[in-house]
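Asks: Quick one: structure below, then a few questions.
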Amino acid sequence: MTIPTVKLNDGNIMPILGFGVFQIPDHNEAKKAVEMALSNGYRLIDTAESYNNQTAVGEALRQSSTNREDVFLTTKLWVSNFSYEKAKQAIDHDLKELKTDYVDLLLLHQAYGDIAGAWRAMEEAQKAGKIKSLGVSNFWPNQLKNLELMVNVKPVVNQIEINPWYQREKEVIWNQQEDVVVEAWAPFAEGKNNIFTNEVLSKIGQKYCKTSGQVILRWLIQRDIVIIPKSVHDDRQKENTEIFDFELSSEDMKLISTLDKNTSQFFDHHDPTTIEQIFGSSLRELRK
Ligand code: NAP
């Protein structure tokens, strides 16, 4: 299976389908899931400092028969490393854990804290060959524009929550017009609200002999959105790659757009209380 690619605004090439490893903290399970993903044809692995499995990802890559240069490896800096000095150290630490000389894409995981300081360290690491491309995650358009105006290297990717319950049509188009590739996290909303048995998605799937999950992934790539579904199961991993042999009609695309609940299935980044709960302790740590 050859996975189609997209050209990023810095000229680098990224597969449009990858494998995410969130919520697989167990070392052996994470290593096995990545090994399985590589043998199932995935060539993009998406991890993060906060997933606590960079070491397992690194081992799986190192021991794999797939060449390092054939894999697009993404990781993310956590907020507690958002200062120039801390980010510099964290990047070297990440490379050590991942057992590699470079990552293909490093993302600022969230839009809080000293993002400009961390980005400066990322730009330097890019010059030193430690990172190929720089990007962000969970940035609203205003936050992305703010970063762009402060820095020398423009972000290539914005990884945000997108699924049938939270479709973000306007934001996706804004990012794409800005020449920033949009990558969807939680494409299945982690199964929330019975997404895999939803009647509309199942009925559409029946027309094409595909599952609801495949319909969702296809709907995303037809919006030019990169996808990184996660599964620790071999059959599901395979199923999630079998999406390049059919095309949803414009009527079906429109029907799926009616499922939008226009709200995050996880947290409200606009609520100061959420920000305090999730990132407050990390940011306070940094001040010490
Ligand atoms: P997801 O991919 O929407 O959903 C994963 C869930 O769906 C798992 O419970 C998995 O179960 C199940 N699943 C997968 N394929 C299936 C299929 N074909 N049929 C039925 N069930 C299926 O959720 P996610 O892991 O949160 O998101 C994907 C990736 O995005 C993450 O792994 C991570 O890399 C990234 N992410 C980034 C952020 C961020 O802030 N940047 C946040 C969250 C996630 P099994 O594993 O048991 O098969």
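Asks: Pairs, please: C-beta under 7 Å, at least 6 apart or cross-chain, first residue at positive phi and in the stretch 17-45, second within 11 Å of the ligand (Cβ to nearest atom) and polar (S, T, N, Q)?
Replies: Gly41/Thr241
Each row is one residue, and each column tells you yes or no for (1) within 14 Å of the ligand (Cβ to nearest atom); (2) under 14 Å from the mean Cα position of the chain (by Cα); (3) under 30 Å from Lys88 (Cβ atoms); (4) aliphatic (A, V, I, L, M).
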site	(1), (2), (3), (4)
Ala128	no, no, yes, yes
Leu134	no, yes, yes, yes
Glu148	no, no, yes, no
Val151	no, no, yes, yes
Glu169	no, no, no, no
Gly205	yes, no, no, no
Tyr208	no, no, no, no
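Asks: Moving on. Is it the case that Gln159 is within 12 Å of the ligand (Cβ to nearest atom) and either among the polar types (S, T, N, Q) or on the phi > 0 side of the Ramachandran plot (or both)?
Replies: For Gln159, the condition - within 12 Å of the ligand (Cβ to nearest atom) and either among the polar types (S, T, N, Q) or on the phi > 0 side of the Ramachandran plot (or both) - is met.
Asks: Please name all residue pairs, on different chains or six or more residues apart, with Cβ atoms under 6 Å, provided the first residue is in the stretch 168-191 and is farther than 18 Å from Ile16 by Cα and assigned to a helix (DSSP H, G or I) and the second residue is within 15 Å of the ligand (Cβ to nearest atom) and not hydrophobic (A, V, I, L, M, F, W, C).
Replies: Between residues of the stretch 168-191 that are farther than 18 Å from Ile16 by Cα and assigned to a helix (DSSP H, G or I) and residues that are within 15 Å of the ligand (Cβ to nearest atom) and not hydrophobic (A, V, I, L, M, F, W, C), the close pairs are Ala189/Asn163; Ala189/Gln265.
Asks: Right, next: From the residues in the stretch 110-125 that are open to solvent by 20 Å² or more (accessible area, probe 1.4 Å) and within 15 Å of the ligand (Cβ to nearest atom), which one is farthest from the chain's Cα centre (by Cα)? Give the steps one after another, and end with the answer.
Replies: Residues of the stretch 110-125 open to solvent by 20 Å² or more (accessible area, probe 1.4 Å): 112-114, 116, 120, 123-124.
When the remaining residues are screened for being within 15 Å of the ligand (Cβ to nearest atom), the result is 112-113.
Details: Tyr112: 18, Gly113: 20 Å.
Among them, the one singled out is Gly113.
Asks: Please determine, by comparing only the residues of the stretch 210-243 that are out of contact with any strand residue (DSSP E or B) (no Cβ under 8 Å at 6 or more places or on another chain), hydrophobic (A, V, I, L, M, F, W, C) and within 12 Å of the ligand (Cβ to nearest atom), which one is nearest to Arg43 (Cα to Cα).
Replies: Step by step, filter the stretch 210-243, then rank; the result is Val232.
Asks: I've got another one for you. Which pairs turn up if I take residues in the stretch 210-232 that are open to solvent by less than 30 Å² (accessible area, probe 1.4 Å) and look for partners that are assigned to a helix (DSSP H, G or I) and among the aromatic types (Phe, Trp, Tyr) with beta carbon separation below 7 Å, at least 6 apart in sequence or on another chain?
Replies: Ser212/Phe196; Gly213/Phe196
The values are calculated or read from the model by the stated rules, or taken from the named source; none is laboratory data. All of these numbers come straight from a predicted model, not from anything done at the bench. All Cβ positions, glycine included, derive from the backbone under ideal geometry; neighbour counts span all protein chains shown. Calculation scope for accessible area: heavy atoms of the full protein, side chains included, ligands and nucleic acids excluded. Shrake-Rupley method; radii C 1.70, N 1.55, O 1.52, S 1.80 Å.
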